[in-house]
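Quick notes on the structure that follows.
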Amino acid sequence: MKITTSTVEKFTITDIPGIDVIHVFFEDYGPERGKVTIEVCGDAWSYFWGKTGCETIKDFFKRAGTSYLVGKFDIGIRERLDDESGEALELAAKKFIISERRQGNISRYIARENWNTADTLGDGIMDQSGELQEIFGDEWYNDLPQKPNPKYTHLFKIVQTIQEALKQSV
C-alpha cells in the first residue's frame, strides 16, 4: 500500500447575491496538473486537469474561459434547453409560418392550416410531434424555441464568482 499526501488550498466565498456560500478546493499535483472541487449547499463539482499550461491550478482557473470550466464540471450540460411550453411553441410556430410564407415556401392555404394548428399547440412536444412536423417539416426538433438552462446559469455564476475572487485575492 502506498500513501501520498498533498496540499489542498480551500477558499470560502460568502456574501454573494443569489448564491449560497461557495467552498472551493484547489489541489496541485505538480506543475501544470491539479484538481478543483467546488461545493455549494450540498451540490459538488470536481474535475482533474492533467495538463494546464499554468504553474498552479489556481492560475489556470483564473485564466480559463468560464464556459469551458462549466463544461468540465458538468459534462454534457447545455447552455440552453428546448422551451416546451405551449406559449413558446405557438410563438415559434407562428414566426416560422410567417417566414416561410414571406419566402414563398408555402401557399396561403397551407399557411392558414398551419396557423390554425399552431393555435392548438399545448405544453410538451412528444404528444404533438405530428403537428410540429406538419408546421416545421421533418426536422422540426431543430426549430424548437430555446430558453436558458437554469442549472447551467447557476454553475456559470458560481465559476465566474470564483474566478473574480481569485483575481481579487492576488
Largest-first ranking of 29, 152, 47, 109 by accessible area, probe 1.4 Å, whole protein assembly kept, is 109, 29, 47, 152
Would you grab the residues whose amide H sits under 5 Å from the one on residue 146? Only those 5+ places off in sequence or on another chain, please, with H modelled 1.01 Å from N.
-> 83
Solvent-accessible area of residue 113 with every protein chain in place, 1.4 Å probe, in Å² to the nearest 10 = 70
What value, in deg cm²/dmol to 500, does the helix sum -39500 (n - 2.57) over DSSP H runs of n ≥ 4 give at 222 nm once divided by the residues of the chain?
-> -13000 deg cm²/dmol
Distance-filtered residues of segment 17-38 - backbone nitrogen under 13 Å, label point 7 angstrom along residue 63 Cα→Cβ | 32-33
Charge dipole (debye, nearest 20) of segment 113-170; +1 at Cβ of Lys and Arg, -1 at Cβ of Asp and Glu = 860
Pairs beyond 26 Å (Cα-Cα), from 2/72; 10/62; 58/151 = 2/72
Can you pull the one-decimal nm distance between simple spin-label points at residue 78 and residue 21, each 7 Å off the Cα toward Cβ?
-> 3.6
Given 0.36 nm per residue, what is the gain on full extension from residue 112 to residue 56 after removing their alpha carbon distance, in nm?
-> 13.9 nm
Please find the FRET efficiency linking residue 5 to residue 169, where r is the Cβ-Cβ separation and R0 is fixed at 30 Å, and quote it to the nearest 0.05.
-> 0.75
Please work out the average accessible area per residue across segment 1-135, using the 1.4 Å probe convention, and give it in Å².
-> 63
Ranked by accessible surface with a 1.4 Å probe, highest first, in what order do 153, 4, 52, 12 come?
-> 4, 12, 153, 52
Got a number for carbon plus sulfur as a percent of the chain's accessible area, 1.4 Å probe?
-> 48
Under a point-charge model restricted to the Cβ atoms of Lys and Arg (+1) and Asp and Glu (-1), what is the dipole moment magnitude of the chain relative to its Cα centre, in debye to the nearest 20?
-> 800
Rank 54, 41 by accessible area, highest first, at a 1.4 Å probe radius?
-> 41, 54
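The values are calculated or read from the model by the stated rules, or taken from the named source; none is laboratory data. Owing to the predicted nature of the structure, the values given are computational and were not obtained by experimental measurement. Virtual Cβ from ideal backbone geometry, glycine too; neighbours counted across all protein chains shown. What goes into the accessible areas is simple: the full protein's heavy atoms, side chains included, and nothing from ligands, DNA or RNA. Shrake-Rupley method; radii C 1.70, N 1.55, O 1.52, S 1.80 Å.
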